[in-house]
Amino acid sequence: MEGLDPRQIEFLKNFTDPNSETYADALNSGKKAGFSDSYAKNILSLMPDWLSTCIEDAQLVTKALRNLNNLLESEDERVSADITKFTLTRLNKKKFSEKTEVEHSGTVVTGFNYINNETDNTSNEEARPGVEETA
């Protein structure tokens, strides 16, 4: 909810939270958030950009969750296992995290200038600018 003012955030909380007294009630959610009666009454028909964006985002999240649930139930065991792993490592990182160890080869590439041409008679530094050999 970056870039929203406090009233917009409050409106969204009131309007979208099923536990809110004003859930799905734009007029009262708007009033409770501090918007004028006129603006609160017309907020859905005005559909300001901030509200439209938040509604679209919520719809995408709902669709993604539905797809995720479908993939979790996939008959393809590899797909189901991969999605299960993905879900657990994202939603419960403390309990289900992955540890990846990376070994360093000793060559540090600092740019995209690597030239691998064994017939080139130029020096290492001329042939491979941006590459440092380390011990």
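We did not get these values from a lab; they are worked out from the coordinates using the rules stated. Predicted model only: the values in this text are computed from it and were never measured. Cβ: placed from backbone, ideal geometry, glycine included. Neighbour counts: every protein chain shown.
Figures for the structure shown
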quantity: Those lysines that a straight Cα-Cα span of less than 19 Å connects to Lys93, excepting residues fewer than 8 apart in one chain; calculated: Lys85
quantity: Length gained when the stretch Tyr23-Met47 is fully extended (0.36 nm per residue, less Cα-Cα span); calculated: 6.9 nm
quantity: Backbone HN-Hα couplings from phi across the stretch 63-80 [Karplus 6.51/-1.76/1.60, Hz, Gly and Pro as x]; calculated: 5, 4, 5, 5, 5, 4, 4, 5, 5, 4, 9, 4, 6, 7, 4, 5, 5, 4
quantity: Of Lys13/Lys94; Lys31/Lys63; Lys13/Lys41, those spanning more than 26 Å from alpha-carbon to alpha-carbon; calculated: Lys13/Lys94; Lys31/Lys63
quantity: Projected label distance in nm at Asn69 and Arg90, using a 7 Å step from Cα toward the beta-carbon; calculated: 1.6 nm
quantity: Calculated SAXS-style log₁₀ I(q)/I(0) at q = 0.22, 0.24 Å⁻¹ - the stretch 6-91, Debye, Cα scatterers; calculated: -0.95, -1.07
quantity: Ala58-His104 FRET efficiency (beta carbon distance; Förster radius 35 Å; 0.05 resolution); calculated: 0.20
quantity: Percent RCO, i.e. relative contact order, over the stretch 6-91, from Cα pairs under 8 Å lying at least 6 residues apart; calculated: 14 percent
